[in-house]
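J.: Can you read through this structure? Questions will come right after.
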Amino acid sequence: MNAVISIVAIRCCASHYLKAGVACVLLLLSWLSMPVYAQALSVINGEKTTTLSINELRQQSTITLSVFDPFQGREVDMHGLEFRRFLINQFGEVPPALHFTAWDDYEVTLSGWNDPKWLMVTEEDGVPLTLRSRGPLRLVEQAYDEQRDIENLREFNDWIWMIRSIEARW
């Protein structure tokens with residue numbers, strides 16, 4: 001009788017170990033598929049996709065300004081590129097609309113980018129943006145109008161975070 005119980009216990013334990021092992025392998029594979037560092041931006045114009053390295057964009061960044069970040073509740077030094085100029089360099093002109101895809105798979109299409117107030121941020125307080133800091137690229141307004149209430153986060157819902165790709169919509 002004890003031998004039968006031992007065999008059943010061994011089979012039961014072996015089954016649990018096998019299930020736990022499969023779960024560990026699946027978990028490891030899911031971690032490996034996640035981007036640790038977002039290192040590129042895809043710029044899409046029709047059938048043509050250009051991949052720009054984030055380091056290259058950091059090197060092209062020439063604007064540094066202090067902006068109130070309502071999500072952090074403080075002034076931060078943001079460093080980046082004038083977004084309108086970036087669009088002209090990439091597409092020859094500012095497209096009527098842009099389709100953005102973020103690293104968390106959020107997607108949105110917006111128009112009205114022919115405005116120099118937008119900054120494509122690559123660094124914040126001298127530190128490169130990462131996925132944890134809502135990067136590696138973020139679009140923010142360089143200046144706020146007098147009407148905007150900095151205490152109301154809804155006033156800033158047009159900022160775009162974690163940008164992975166930008167597609168021109170003609």
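The values are calculated or read from the model by the stated rules, or taken from the named source; none is laboratory data. Every value quoted in this text rests on a predicted model; they were computed, and no experiment measured them. With ideal geometry, Cβ positions are generated from the backbone for all residues, glycine too; neighbour counts draw on all protein chains shown. When the accessible area is computed, the model is the full protein with side chains, heavy atoms only, and any ligands, DNA or RNA have been set aside. Shrake-Rupley method; radii C 1.70, N 1.55, O 1.52, S 1.80 Å.
J.: For the range 87-109, give me each residue that is without any contact (Cβ under 8 Å) to a residue 40 or more places away in the chain and part of a strand (DSSP E or B).
T.: Selection gives 107 alone.
J.: List pairs: first in the range 115-135 and over 17 Å from residue 68 (Cβ atoms) and without any contact (Cβ under 8 Å) to a residue 40 or more places away in the chain, second outside any strand (DSSP E or B) and among the basic types (Lys, Arg), Cβ under 8 Å, 6+ apart or cross-chain?
T.: Once the first residue is over 17 Å from residue 68 (Cβ atoms) and without any contact (Cβ under 8 Å) to a residue 40 or more places away in the chain and sits in the range 115-135, its partners that are outside any strand (DSSP E or B) and among the basic types (Lys, Arg) give 115/84; 116/84; 116/85.
J.: Residue 89 passes all but one of (1) at pLDDT 95 or above; (2) open to solvent by less than 50 Å² (accessible area, probe 1.4 Å); (3) farther than 16 Å from residue 162 by Cβ; which number fails?
T.: Failed condition: (2).
J.: Would you check which residues across the range 50-85 are open to solvent by less than 10 Å² (accessible area, probe 1.4 Å) and either touching a helix residue (DSSP H, G or I) at 6+ places or on another chain (Cβ under 9 Å) or of a type in the set (Val, Ile, Thr) (or both) and list them?
T.: Residues satisfying the conditions are 54, 57, 67, 69, 76, 80.
J.: Something else: Can you name the condition, by its number, that residue 113 falls short on among (1) assigned to a strand (DSSP E or B); (2) surrounded by 13 or more Cβ atoms within 10 Å (Cβ to Cβ)?
T.: Answer for residue 113: the failing condition is (1).
J.: Separate question: Across the range 128-152, which residue is modelled with the highest pLDDT among those that are over 14 Å from the mean Cα position of the chain (by Cα) and surrounded by 12 or more Cβ atoms within 10 Å (Cβ to Cβ)?
T.: The residue in question is 141.
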